[in-house]
Structures are given as C-alpha cells and as structure tokens.
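Enquirer: Can you read through this structure? Questions will come right after.
The values are calculated or read from the model by the stated rules, or taken from the named source; none is laboratory data. As the structure is a computational prediction, the values presented were derived from the model and not from experiment. Cβ placement follows ideal geometry from the backbone for every residue including glycine, while neighbour counts extend to all protein chains displayed. Note: areas computed on protein heavy atoms with side chains; ligands, DNA, RNA excluded. Shrake-Rupley method; radii C 1.70, N 1.55, O 1.52, S 1.80 Å.
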Amino acid sequence: MAPIQLGVLASGRGSNLGALLEAEAAGTLYAHVALVLSDRPEAAALRRARDRGVAARLIDPESRRARLAPEVEARYVEALQAHQVDWVVLAGFFRIVGSILLNAYADRVLNIHPSLLPSFPGLDAQGQALAHGVRISGCTVHLVEAAVDAGPILAQAAVPVEDGDSVESLSERILVQEHRLLVETVDRIARRGFIRDGRRVRWNREPA
Ligand code: GRF
C-alpha cells in the first residue's frame, strides 16, 4: 500500500497538525500531509505548514456561521482533490462540515475530539468533563458523519482527571495523548485499513 495523502483542516494553533508533520518528518507516519486548509487567516496552523514547505491555503467562509455554506464547502473539496488528498483530518477545525465534503470523502474524514465520546461532545469538552466531575476523561479519533462528534470511533485514550485540575491543566494533559493517538491512528489507517460494520470498526490484519 502507498502512503496516504492527507488534507488537514485546522482553525487555530495547529498542534495536532504539528504532531502529524513531526511524525512524517521523523519517518514514523506512513502518510504525507499534502495540503493544509484553514478558515482563519491568523491560524498558526497555516504558518506551521508553510514552515515545513507544505501547501497551505486560506479558504475564508466570510461568515460567522459554524456550518460551512455549500459553495464554500465545494471550494474546500476542490482544493483537496486538486492536491490528490485521499483522507481528510479535522484537527481543531471550528466549522461544521456537511454532505458535500462527506460525500466526496465518504468514511475518509477523521476528527479528533478532547473527550471520551459519546460523553461531552461539542464545545468545551474539557470544561464539560470537569463540571460533570468525571475522574477519567481523554480523547477520541472518530469518523466524521453529519451529526457533530457522533461518527464511528476509531481510537480512544483515557486521561485521569486530577484533584484541582483546571480546564487548562486537564486540556494540556489530554493534548499530549491527542498528539500520540492521532498520529498512531492515521498510521494504522495507512498500514492496515479497516472494515466498517455499522458503528463498529474492525482493523484489518497487519500485512505480513
Ligand atoms: C484539540 O483539543 C482538538 O481535540 C480539538 O481542538 C483542539 C485543537 O488543538 N478538536 P490544535 O489546534 O490541534 O492545537
């Protein structure tokens, strides 16, 4: 199997993108970040990509609405296809994608979320976990479907909640696991692939 070509969509600091880029440079990721797209001109993710010589483009939706308008979504798909992207990673992308992207990349869009889904979907997952008083939270890599943070789960990592944790301290501890989990999951997709059975995902055997 050839390494997979990734398109990463990111709105902010882009530390998960950074983890993918570092792993690729270190030779521990069987994938290539072919393109980074952002909805925000100030996204550090764009700079991180350009610093590594990776194509990076702003596609500004020019709207504050979370859900991308169909014509904007079509521009994202066009850019991804123009770079021969075969998997899309939402890594801190603050917009909701819809059927145009999800049909173009059916079962090939991933998201990383900072909680053990299905607990605490949506915004401020770490704050929700603290407010609820759970003792274990974590992060989830899942396939993206139309409903937000609800697609089939590919991988999860548990992270303990400590007495005295703030949103910041818990987020920091979870983020370390996010970086590891995202890289491992993308690498596993590239090397093994999976079969989807309803909501369940079964990994193929490692090729001999
Ligand atoms: C991460 O916590 C991710 O789980 C969530 O948004 C944050 C993005 O962080 N979806 P970064 O931009 O990758 O640093």
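Enquirer: Ranking request for peptides 130-138, 94-102: highest mean number of other beta-carbon atoms within 10 Å first, then the rest in descending order.
Expert: Final packing ranking: 94-102, 130-138.
Enquirer: So which trypsin sites (Lys or Arg not before Pro) in region 1-56 are both in a DSSP loop and have at most 16 other Cβ atoms within 10 Å of their Cβ?
Expert: Listed in order of number, the matching sites are 13, 52.
Enquirer: First compute the accessible area of the chain with a 1.4 Å probe, then give the percent of it belonging to carbon and sulfur atoms.
Expert: 50 percent
Enquirer: Sorted from largest down, give the three principal axis spans of the alpha carbons of the chain, whole angstrom values.
Expert: 49, 48, 35
Enquirer: Run lengths n ≥ 4 of DSSP H only: what is the helix-derived mean residue ellipticity at 222 nm for the chain, with -39500 (n - 2.57) per run over all residues, to the nearest 500? Don't skip to the answer; put the middle values down first.
Expert: Numbers: 6 runs with 72 residues, N = 208.
Here the helix-only value at 222 nm equals -10500 deg cm²/dmol.
Enquirer: Between region 171-196 and region 28-98, what is the C-alpha centre distance in whole Å?
Expert: After rounding, the separation between the Cα centres reads 19 Å.
Enquirer: Roughly how many Å² is the accessible area per residue of region 87-208, as a whole number, for a 1.4 Å probe?
Expert: Details: 6050 Å² over 122 residues.
For region 87-208, the solvent-accessible area averages 50 Å² per residue.
Enquirer: HN-Hα J couplings of region 137-145 from phi, Karplus 6.51/-1.76/1.60, θ = phi - 60°, integer Hz, Gly and Pro as x?
Expert: So the Karplus estimates, Gly and Pro as x, are 10, x, 8, 9, 10, 9, 6, 8, 10 Hz.
Enquirer: Dipole of region 97-167, Cα-centred, from +1 at each Lys and Arg C-beta and -1 at each Asp and Glu C-beta, to the nearest 20 debye?
Expert: It works out to roughly 180 debye.
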